[in-house]
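Right, one structure below, let's go through it.
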Amino acid sequence: MLEYNNLTIIGTSHISIESIKEVNGFIKKYKPEIIALELDNKRFTALTEKRRNNVKDVLKVGLKGYLINLVGAYIEKKLGKLVGVKPGSEMITAIKLAKKYKLKIILIDQDIQITLKKLSKISLKEKLRIIKDILKGILFKKEVIKIDLKKVPSNDFIEKIINIVKTRYPEIYNILIKERNEIMAKALYKIINLNNDKKALAVIGAGHEKEVIRIIRSCNNN
C-alpha cells in the first residue's frame with residue numbers, strides 16, 4: 001500500500017485472497033469518496049454483467065488479439081481455481097462496496113481493445129523468443145519457484161519479473177506495463193488534483209503500483 005496526498009494505492013494480485021481482504025478492510029474502515037480501478041468499460045461490464053463475446057468483439061481487436069485475450073483469461077481462471085478465487089474478485093469487492101456506500105467509481109485503465117490490438121502486432125522476433133522460452137521451460141525444466149498464490153508477491157519478486165519482461169520482451173513490456181502505467185498515473189493525477197478535498201483509493205495490479213506513484217510524483221514536480 002502506497003500513499004500520496006489524498007490518494008492511497010493498493011497493489012493487488014487478481015486471484016489473491018489477501019488482496020480481497022485488504023481492499024475490503026480499507027474501504028469499510030475509511031470509506032474513501034472515490035474508488036479508482038484498473039479497469040476499462042469493457043472489463044468493468046464483464047465483471048459486473050454476464051455477457052458472452054460475439055463476432056463484433058473479435059472483429060474489433062482482430063483474431064490474434066482475441067486469442068491472446070482468451071489464453072490470458074484461461075490461465076488466470078485456472079490459477080484462480082487453485083486458490084478458490086475468481087479472477088478480479090478484489091475489483092468486484094471494491095465495486096460492491098462502492099455501490100453500498102455510494103462512493104464514486106472511476107475507471108482508469110486503457111481500453112482493452114487498444115491493448116489487445118497492440119499485442120497482436122508485436123514483432124515476429126519477439127513472438128519467436130516467447131515460443132523459444134516456453135519450449136526451453138518445458139524441455140529443460142529449471143528450478144521451480146514456489147509462489148503462494150493466496151498472497152500478493154513481494155516487491156523484490158515483482159521487480160525481478162518486470163525486469164525479465166523488460167529485457168526479454170521489450171515490446172510486451174511497453175504495451176502491458178509502461179504505457180498503461182503512464183495512462184493510469186495521469187488519470188490518478190487528474191483525480192487527486194480535481195478532488196484534493198476527497199480521499200481516493202486506487203486498486204491496481206501490484207506490478208503497476210510503484211511506477212504509477214513515481215509518475216504521479218514526477219507530474220507534480222513539473
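Read-outs: derived from the displayed coordinates by stated rules, not from any lab. The structure presented is a predicted model; accordingly, all values stated were derived computationally and were not measured. Here the Cβ positions follow ideal geometry from the backbone for every residue, glycine too, while neighbour counts run over all protein chains shown.
Here are the numbers:
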read-out: Anchor Lys118: aspartates and glutamates whose Cα lies under 12 Å away (excluding residues fewer than 8 positions away in-chain); value: Glu171, Glu179
read-out: Filter on Lys99/Lys160; Lys31/Lys186; Lys117/Lys186; Lys102/Lys166 - keep pairs with C-alpha separation over 30 Å; value: Lys99/Lys160; Lys102/Lys166
read-out: At R0 = 45 Å, FRET efficiency that the Cβ-Cβ distance of Tyr101 and Asp156 yields, to 0.05; value: 0.80
read-out: Net lengthening on full extension, Ile131/Lys86 (0.36 nm per residue, minus Cα-Cα); value: 13.4 nm
read-out: Cα→Cβ-extended label distance, 7 Å offset, between Lys28 and Val165, nm; value: 3.1
